[in-house]
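The values are calculated or read from the model by the stated rules, or taken from the named source; none is laboratory data. Because the structure is predicted, anything quoted here is derived from the model rather than measured. Here the Cβ positions follow ideal geometry from the backbone for every residue, glycine too, while neighbour counts run over all protein chains shown. For the accessible areas, the whole protein counts, side chains as well, though only heavy atoms, and no ligand, DNA or RNA atoms are used. Shrake-Rupley method; radii C 1.70, N 1.55, O 1.52, S 1.80 Å.
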Amino acid sequence: MISPKALLLDFGGVLVDTAKRPGWAAELAADVHALLERAGFGGLTPAEIETDIRAGARADSQWKDSTSRQYAPQEMTHRRFWAEFVATDWPEQARELVTAEASPLCRRMGELRSERALRPGVKELLAACWARGVRPAVVSNALCGLVHRDFLTRNGLDGQVAVQVYSDEAGVRKPNPELIHIACRALGVDPGEVWYVGDNYDRDVVCGVRAGAGASVLMVSPSTDKVPYEVRQRPHATVDNPLGLLRLLEDTWT
C-alpha cells in the first residue's frame, strides 16, 4: 500500500461511535409541535407528529440503501426530507412551515437522534498524520453536516482536519466518487495519493474504489456487517479501530 499524502476519514463509525437515543423522535416532535403552534397551527398532536417523523426516518433509511446501488447518487435535500418524507400528508400550512424550516430542523434532528463519542485513538491518529505531513480530512454522508462540524469543534478537533466534506453540503452522497474528488481537489492531491477509510462496504469501500483512491480501508464498526446487499468491491485492508489504522500507516512510513 502507498504512503498517502492525505487520509480521508468517514465520520460515523471511524472518527466517532454512535448510539441511537430512544426518545429522540418524541423530543423532536415536541419541538415541531411548538414551532407549528407559534405559527398559529394546532391541527396536529405531538403523537401524530412523532409517528410521521419516525416514518420519515425509516423511509429515508430505505432510500439511502437504494442509492448505494447507483453510481453517482445525489443527496437528499433538507427541504425534500421534511416535505416528502415526513410531512407528506400534513395540511398545507404545516407542510409549508416545516419545509421552510427544514435546515434547522435537520440540524436539531441530528443533535437529538444519536449520542456520539470519539473512538479511542482518534487524537493520536490525527496528531501522527500531521507529524508525518499527511493531511487528514473528513468525507462523510450526513443529513446535516453542521452537526458533525459542531461535534468536532466541541472536542477541539476542527483544527486537526484540513477539510470537511459532507454530502448534504456537497449535494452528492457516497458511493458517488465525486464526494472524494471534492476533498482531493480541495487538498490539491490526486485520488491515487490518498487513503479513504470508512466502515461500510456498500457506501465507503465502493466509493473509494470508484474514486480511484490509492487505498480503500475498511474500519470495523457495529454497522459494518449490516450490508443491504452484496457488493463486488473489497477493501485493500481492514482495521479494527483508529489505532489499528495508525499501525497500518506506520508500516508505510518505515
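Applying the criterion of at least 1 residues that are among the hydrophobic types (A, V, I, L, M, F, W, C) and open to solvent by less than 10 Å² (accessible area, probe 1.4 Å) to the helices (runs of 4 or more DSSP H) found wholly in segment 158-254 leaves 178-187, 206-211, 242-253. Note on segment 216-246: residues that are more than 12 Å from Gly198 (Cβ to Cβ) and either touching a residue at least 40 places away in the same chain (Cβ under 8 Å) or not acidic (Asp, Glu) (or both) total 15.
Mind checking which residues of segment 24-39 are touching a residue at least 12 places away in the same chain (Cβ under 8 Å) and of a type outside the set (Phe, Trp, Tyr)?
Ala25, Ala26, Glu27, Leu28, Ala29, Ala30, Asp31, Val32, His33, Leu35, Leu36, Ala39
Of all residues in segment 57-88, those satisfying the criterion of being in a helix (DSSP H, G or I) and touching a residue at least 60 places away in the same chain (Cβ under 8 Å) are Asp60, Lys64, Asp65, Thr67, His78, Phe81. Within segment 99-136, the set of residues being touching a residue at least 60 places away in the same chain (Cβ under 8 Å), within 18 Å of Val239 (Cα to Cα) and open to solvent by less than 50 Å² (accessible area, probe 1.4 Å) comprises Leu118, Arg119, Gly121, Val122, Leu125, Ala128, Cys129, Pro136. Annotation for segment 5-12: no member residue is part of a helix (DSSP H, G or I) and either touching a residue at least 40 places away in the same chain (Cβ under 8 Å) or over 30 Å from Thr254 (Cα atoms) (or both). Restricting Asp17, Asp60 to those that are under 16 Å from Ser167 (Cβ atoms) and surrounded by fewer than 20 Cβ atoms within 10 Å (Cβ to Cβ) reduces the list to Asp60. Output yes when any residue across segment 173-186 is over 16 Å from Arg135 (Cα atoms) and among the β-branched types (Val, Ile, Thr), and no when none is. No, every residue in segment 173-186 fails to be over 16 Å from Arg135 (Cα atoms) and among the β-branched types (Val, Ile, Thr).
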